[in-house]
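Some notes on the structure that comes next.
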Amino acid sequence: MRDPRWGRTEECFAEDPYLIGEFAVEAIKGLQGERLDSNRTIVATLKHFAAYGSSEGGRNAAPVHMGLRELHEVDLLPFKKAVEAGACSVMTAYNEIDGVPCTSSTYLLNDLLREQWGFDGFVITDFGAIQMLVNGHNTAENGEQAVAQSLQAGVDMEMSGYMYRKHLVQALEQGLIGEKDLDVAVRRVLEMKFRLGLFEQPYVDPNFAEEVIGCEDHIQLAREVAQEGIVLLKNEGNTLPLAKIGTKLAVIGPNANHIYNQLGDYTSPQPREQIVTVLDGITRKLGANSDQVLYAPGCRIKGDSKEGFAQAITCAEQADVIVMVMGGSSARDFGEGTIDLRTGASVVTDDPWNDMECGEGIDRASLNLMGVQLELVQEVHKLGKPVVVVYINGRPMAEPWIDEHIPAIVEAWYPGQEGGNAIADVLFGDVNPSGRLTVSIPKHVGQLPVNYNAKRTRGKRYLEMDLAPQYAFGHGLSYTEFKYENVRVIPEVIGPEEEAEVQVEVTNTGTVAGKEVVQLYITDVSASVTRAEMSLKGFCKIHLEPGQTRTVTFPVQKEHLALIDSRLQSVVEPGEFRLMVGRSSMDWTACSLHVQKVGCRYDSNSAIH
């Protein structure tokens, strides 16, 4: 993800290819297991292939302007790692790259994916992608040409479309494709069905599904995942954690008690009792003291109605601390998706878009809170009471006024069905926050792109502001403090095929236990092609008790040092590399590693000979 204005930002892992690759490999292991023909595994599909998150202006399916070398070094890297991990399906992207639609790219789907990477699964389109070749990309005059282009490029299956079903026979009759082209695609699909064991076991076990879906272990796991993913952005004056006793709380905001707003796009209808909202979580957390919780929605995500302001201010005036749950929404309206701003009751509406400001096809020109949300926060802030802002959203929010005036800010993203419990766990200190940002949050939309791994030659600052983000990639606070010491690399000199090891001592210098995400970044000081200023190459989450010290070790291998050169070859060039270990992309301590030419000696007082 390179531009958070893109509505599908919420579907992305990160802005960093190394991190995405690590996540992808683990996801494939979990989905596909050790054997595909088990009734406990499914095929993993890699999407969208490729560079979908690098579209022009952050607009869905817009063109991608990227050179082939950068495409290989950045956007294709996690796909390559996922294919090597055994992913069995790949979905094409809607976009074009340098004028060639991904859905009809022989280079991507055949030359690279199959011949170079050895992919042996099947390729599937996204909905309507082949039709775009006729009406959108306009590389085909009609349906027959479109299906011929896609099939011959390597598309084996069309998802939820009608182009193959409607036009393949005519394309065959017109000689645009041959029976062998069809045989290849059909064989790949059938082979995958055999590998899955679908002919031997064509049906699922409904009894097993009944036992597993929504079981207690999974509910607990959902809560743990949400806890780990929540990021504490700001905490001035130790505003957090909150006290459970003797404090009257006002819980205010459009995302405080809306189940679908914390679940993300393409969520199917859910039973109310299975979703824990922030209001639910805080009320449960206080138990016998739950009568100390006041609630008002205040406003909607979108729209200019302020009819809920009065009730929200009344609640805030009675409270000692105000928790404002703001942000965005990808919620589809299933008939109970909106609320009465004065009472909090559900209001049935026929508007299919409801408060959606994120999700597929919901791209934005700005990153600020929509509607009158900021005005609501400002009105509550005027009361002079401690305010905590909790963001529930699918893309980063750029709100300078909140960053400057609100003492505590929590980024919860879409925290899922147990999100309310997890957020309450963090707010009251039962869980020490340990989430870190996998995307940079800009100060202003005009800074975009603001990715941490930008090129060194990215240009000078703007007249109005610098290039630094409001919150950097890797950033995240804790209720304790961590100290980094003795960063070292062993050995300090290696050959291009050799390995080194980075070590750092991390100490919890605070008074409570906590988890720290130790991060390794590498900079190639000088190279034959321009490179990113820094690149993530390792991370490790550790748990430390107060006063405890642990030595964290990262391997530095060929894959961490290599670049894609002008001939599209992966090489490790001799020279100096800076190894930076720390808490984020803007908070680290460095040491140096030297890679020498094969057969040469290294003199630390001069240079490489």
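Separation of the stretch 473-510 and the stretch 1-27, taken as the distance between their Cα centroids, equals 24 angstrom. Per-residue ellipticity at 222 nm computed for the chain from its helices equals -6500 deg cm²/dmol, with DSSP H segments shorter than 4 residues left out and the rest contributing -39,500 (n - 2.57). FRET efficiency for the GLU115 to ARG567 pair, using the beta carbon distance and R₀ = 22 Å, is estimated at 0.80. Considering only alpha-carbon pairs that sit under 8 angstrom and 6 or more positions apart, the relative contact order computed for the stretch 1-84 is 39 percent.
Of all DSSP beta bridges in the chain, what percent run antiparallel (nearest 5)?
Working: 53 of 81 bridges.
Restricted to the chain, the bridges split so that about 65 percent are antiparallel.
Under the shape rule built on the C-alpha gyration tensor, where the axes satisfy a ≥ b ≥ c, the stretch 484-540 is prolate, since a/c reaches at least 1.5 and a/b is greater than b/c. For the stretch 184-271, what class follows from the C-alpha gyration tensor (a ≥ b ≥ c being the square roots of its eigenvalues): rounded when a/c is under 1.5, otherwise prolate if a/b is larger than b/c, else oblate? The shape class here is prolate. Per residue, the accessible area of the stretch 421-540 comes to 42 Å², computed with a 1.4 Å probe over protein heavy atoms only. Take each peptide in 2-15, 173-186, 570-583, count the other Cβ atoms within 10 Å of every residue, and average; sorted highest first, the result is 2-15, 570-583, 173-186. Each other residue within a Cβ distance under 11 Å of ASP3 adds +1 if Lys or Arg and -1 if Asp or Glu, for a net charge of +3. Relative contact order, whole percent, for the chain stands at 13, derived from Cα pairs under 8 Å and 6 or more residues apart. A dipole drawn for the chain from +1 and -1 charges on Cβ atoms has a positive end, and of THR314, ILE20, ILE494 the residue lying farthest that way is ILE494. Rounded, prolate or oblate: which one fits the chain, using the alpha carbon gyration tensor with axes a ≥ b ≥ c (rounded when a/c is under 1.5, else prolate when a/b beats b/c, else oblate)? It comes out oblate by the Cα gyration axes.
Sorting the segments 412-425, 132-145, 367-380 by their residues' average number of neighbouring beta-carbon atoms within 10 angstrom, most packed first, yields 412-425, 367-380, 132-145. Taking θ as phi - 60° and the Karplus parameters 6.51, -1.76 and 1.60, the scalar couplings of the stretch 115-128 work out to 6, 7, 8, x, 4, 10, x, 10, 10, 10, 8, 8, 4, x Hz in sequence order, x denoting glycine and proline. Work out the charge dipole of the chain with +1 on the Cβ of Lys and Arg and -1 on the Cβ of Asp and Glu about the Cα centre, then indicate which of VAL372, GLY175, LEU561 is farthest towards its positive end. The residue sitting farthest along the positive end of the dipole is LEU561.
Counting only protein heavy atoms and a probe of 1.4 Å, the accessible surface of the stretch 534-583 is 44% carbon and sulfur.
If you average the sequence gap of Cα pairs under 8 Å that are 6 or more apart and divide by the length of the stretch 35-156, what percent do you get for the contact order? Normalised by residue count, the contact order of the stretch 35-156 is 25 percent.
Averaged per residue, the stretch 371-417 has 29 square angstrom of accessible surface, using a 1.4 angstrom probe with ligands and nucleic acids left out. How much of the accessible area of the stretch 1-112, probe 1.4 Å, is carbon plus sulfur, in whole percent? With neighbouring chains kept in place, the figure for the stretch 1-112 is 50 percent. Kindly report the accessible area of the stretch 28-162 per residue (heavy atoms of protein chains, probe 1.4 Å, no ligands, DNA or RNA), in Å². For the stretch 28-162, the solvent-accessible area averages 40 Å² per residue. Remark: the chain carries a charge dipole of roughly 980 debye about the Cα centre, counting +1 on each Lys and Arg Cβ and -1 on each Asp and Glu Cβ. Couplings 3J(HN,Hα) for the stretch 7-16, derived from phi with the Karplus relation 6.51 cos²θ - 1.76 cosθ + 1.60 (θ = phi - 60°), are x, 8, 3, 4, 8, 8, 6, 5, 9, 10 Hz, where x marks Gly and Pro. A Förster radius of 41 Å combined with the Cβ-Cβ distance from TYR162 to THR530 puts the calculated FRET efficiency at roughly 0.35. Helices meeting the span-like rule in the chain (full DSSP H runs, Cα extent of at least 18 Å along the helix axis, mean Kyte-Doolittle score of 0.5 or higher): 17-32. Packing here is the average count of other Cβ atoms within 10 Å per residue, and on that basis the peptides 519-528, 206-215, 558-567, highest first, run 519-528, 558-567, 206-215. Of all the accessible heavy-atom surface of the stretch 114-210, with the other protein chains kept in place and a 1.4 Å probe, what percent is carbon and sulfur? For the stretch 114-210, the apolar C and S fraction of the accessible surface comes to 52 percent. Sorted largest first, the spans of the alpha carbon positions of the stretch 418-524 along the three principal axes are 49, 42, 25 Å. Checking the cross-link pairs LYS29/LYS558; LYS193/LYS558; LYS382/LYS483 against a 28 Å limit on the alpha carbon distance flags LYS193/LYS558; LYS382/LYS483 as lying beyond it.
The values are calculated or read from the model by the stated rules, or taken from the named source; none is laboratory data. The model shown is predicted, which means the values in this text are computed figures rather than measured ones. Cβ sites come from the backbone with ideal geometry, for glycine too, and all protein chains shown count toward neighbours. Side chains included, ligands, DNA and RNA excluded: accessible areas come from the protein's heavy atoms. Shrake-Rupley method; radii C 1.70, N 1.55, O 1.52, S 1.80 Å.
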